[in-house]
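Student: Can you keep this structure in mind? I'll have questions shortly.
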Amino acid sequence: MTNGPVRGILISPDATLRESLAGYARGSGGAFALLQSFSVRLDALSGTQFKTIQQATPALVFVDFDSSVDLAVSLARDLVKASPGLVIVGVGATLESSVLLQAMRAGLSEYLTKPVTPPLLAEAIERLLPKVTPTGEAGRTLGKMLAFFSAKGGSGTSTAVTNLAVEIHRLTGEPTLVVDLDAELGEVSLLLGMKPQFNFVDLVRNFHRVDADLLASYIEQHETGVHLLSAPFHPEKATELTKDQIRQILQYLRGHYRYVLIDTPRSFSPETIAAFEYADEVFLITTVDLPSLRNVQRAVPLLNRVMQRGTEQLHLIVNRHEADHEVSLKDVERSLGLPVYGTLANDFEAVIRSVNSGKPVVHNDGKSPYTRDIRSLANRITQTEATDTDRHQKRGLFSRLFRNRGDAAGVEGSRS
Ligand SMILES: Nc1ncnc2c1ncn2[C@@H]1O[C@H](COP(=O)(O)OP(=O)(O)OP(=O)(O)O)[C@@H](O)[C@H]1O
Ligand SMILES: [Mg+2]
């Protein structure tokens, strides 16, 4: 059984149905929660709304078939493909048995013929409960928060974060978000070749009314499937953030993504400190020149003070690594008193090609030494084996619709 309430979502322009389900939720004594009800016809369901449904990780989705049976069947198929344990309940006028069969094959668990009275609804939900996968806020695991920091400018942090996010997402198929906290110099969007419409500051400003829908409208989706919450374009906006606001938002984001990778600014600003306090793991990226190593040496005690588990959660990554460099990895470990967690090859060609094309190295240059190292790091971080299966081939009609509408959907969302 579930830890918390069974979480449901309804998609229906039918006010009576919406009221019945909301009424059932209110009277269920906390056993069923109606997370959201979308009062739209299926042909008007936006990409943002589809994304919101997925991100809310409901256990039950009620789909009104009356606006379009074909779209309802496609939606059921796409939702179940994206979240295999999801239980979909169709509601609408009587269906021909061949159409009903087709809907069941697409993943529908149950079809309720209108009018659906509250007792009928209650009976159906109770019948479905054993099929429902435990989800719910209480049972939901928080995502891993990975903060990346370098003690000296130009160490390769933004490049590493961007590429690791793409690779982690490819490996795991899990929702992965990059937060570019470098409010002054944020470059992740450039590295991904994106022009974000909104940013972290906009989200912080509206945090008092943030929900999954609003969150989705601030987040951009890259073609690789990685999501991005970017830094503001205008550095003067950066000063508006307080540590508490950043903390709140990071915590909220962890509830919505399996992996949250944070590109932190170099200074020990409030946002950087909040990121270190909350991070499960902190990755310190350095090159092996003396000024960088000296800066790392100075930064480690500060990091230790704010990280919850101290050096145990601090991982050193040597960037622009060359095996025959006069300073060996052993020298680095000895001078810093930290083991080297991983290395990233010095790979000017692949990195510059990536910068020029606005495509991550791992996407652009699959066989480069940099890609090889990012893959092994991503493997270590996720502790999964690389598979050649591209889990993202499972996109159906609605996901494609979302991809095509991605930018427009971001603009459409509610904001002040
Ligand atoms: N492994 C690598 N091989 C070759 N060039 C690299 C490598 N990693 C990063 N670079 C290059 O080094 C420069 C700095 O990289 P990047 O912007 O990722 O660093 P950063 O630490 O985020 O810098 P900043 O301090 O400006 O935020 C860029 O020109 C990038 O293309
Ligand atoms: Mg950077």
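The values are calculated or read from the model by the stated rules, or taken from the named source; none is laboratory data. As the structure is a prediction and not an experimental result, all values here were calculated from the model. Every residue, glycine as well, gets a Cβ built from its backbone with ideal geometry; the counts of neighbours run over all protein chains shown.
Student: Working only within the stretch 32-91, note down all residues that are of a type in the set (Lys, Arg) and out of contact with any Leu (no Cβ under 8 Å at 6 or more places or on another chain).
Tutor: Those that are of a type in the set (Lys, Arg) and out of contact with any Leu (no Cβ under 8 Å at 6 or more places or on another chain): Arg41, Lys51, Lys81.
Student: Collect the residues in the stretch 15-26 that are touching a residue at least 60 places away in the same chain (Cβ under 8 Å) and either surrounded by fewer than 21 Cβ atoms within 10 Å (Cβ to Cβ) or in contact with a helix residue (DSSP H, G or I) (Cβ under 6 Å, 6 or more places away or on another chain) (or both), keeping them in residue-number order.
Tutor: Thr16, Ser20, Gly23, Tyr24
Student: Pick out the one residue from Glu326, Glu333 that is at pLDDT 95 or above and loosely packed, with under 15 Cβ neighbours inside 10 Å.
Tutor: Every option except Glu333 fails the conditions.
Student: Going by the structure shown, is Leu229 of a type in the set (A, V, I, L, M), modelled with pLDDT of 70 or more and farther than 30 Å from Ile9 by Cβ?
Tutor: Criteria not met by Leu229.
Student: Separate question: Quick check: is even one residue across the stretch 330-339 of a type outside the set (Lys, Arg) and closer than 20 Å to Asp263 by Cβ?
Tutor: The answer is no, given that none of the residues of the stretch 330-339 is of a type outside the set (Lys, Arg) and closer than 20 Å to Asp263 by Cβ.
Student: Here is a follow-up. Under 19 Å from Leu17 (Cα atoms), touching a residue at least 12 places away in the same chain (Cβ under 8 Å) and not in a strand (DSSP E or B): is that true of Asp66 in this structure?
Tutor: Answer is yes for this residue.
Student: Still on this structure, please answer the following. Name the residues in the stretch 22-47 that are of a type in the set (Ser, Thr, Tyr) and farther than 15 Å from Ala59 by Cβ, would you?
Tutor: Ser37, Ser39, Ser46
Student: Determine which member of the set Pro270, Pro265 is touching a Gly at 6+ places or on another chain (Cβ under 9 Å) and at pLDDT below 85.
Tutor: Pro265 is the lone residue from the list that is touching a Gly at 6+ places or on another chain (Cβ under 9 Å) and at pLDDT below 85.
Student: Right, here's the next one. With the condition being within 16 Å of ligand 2 (Cβ to nearest atom), I'd like the helices (runs of 4 or more DSSP H) fully within the stretch 328-378 carrying at least 3 qualifying residues.
Tutor: 348-357
Student: Taking only pairs six or more apart or across chains, which ones have beta-carbon atoms under 8 Å, a first residue in the stretch 286-307 that is closer than 17 Å to Arg320 by Cα, and a second residue that is part of a helix (DSSP H, G or I) and among the small types (Gly, Ala, Ser)?
Tutor: From the stretch 286-307, the pairs are Thr286/Ser292; Leu293/Ser335.
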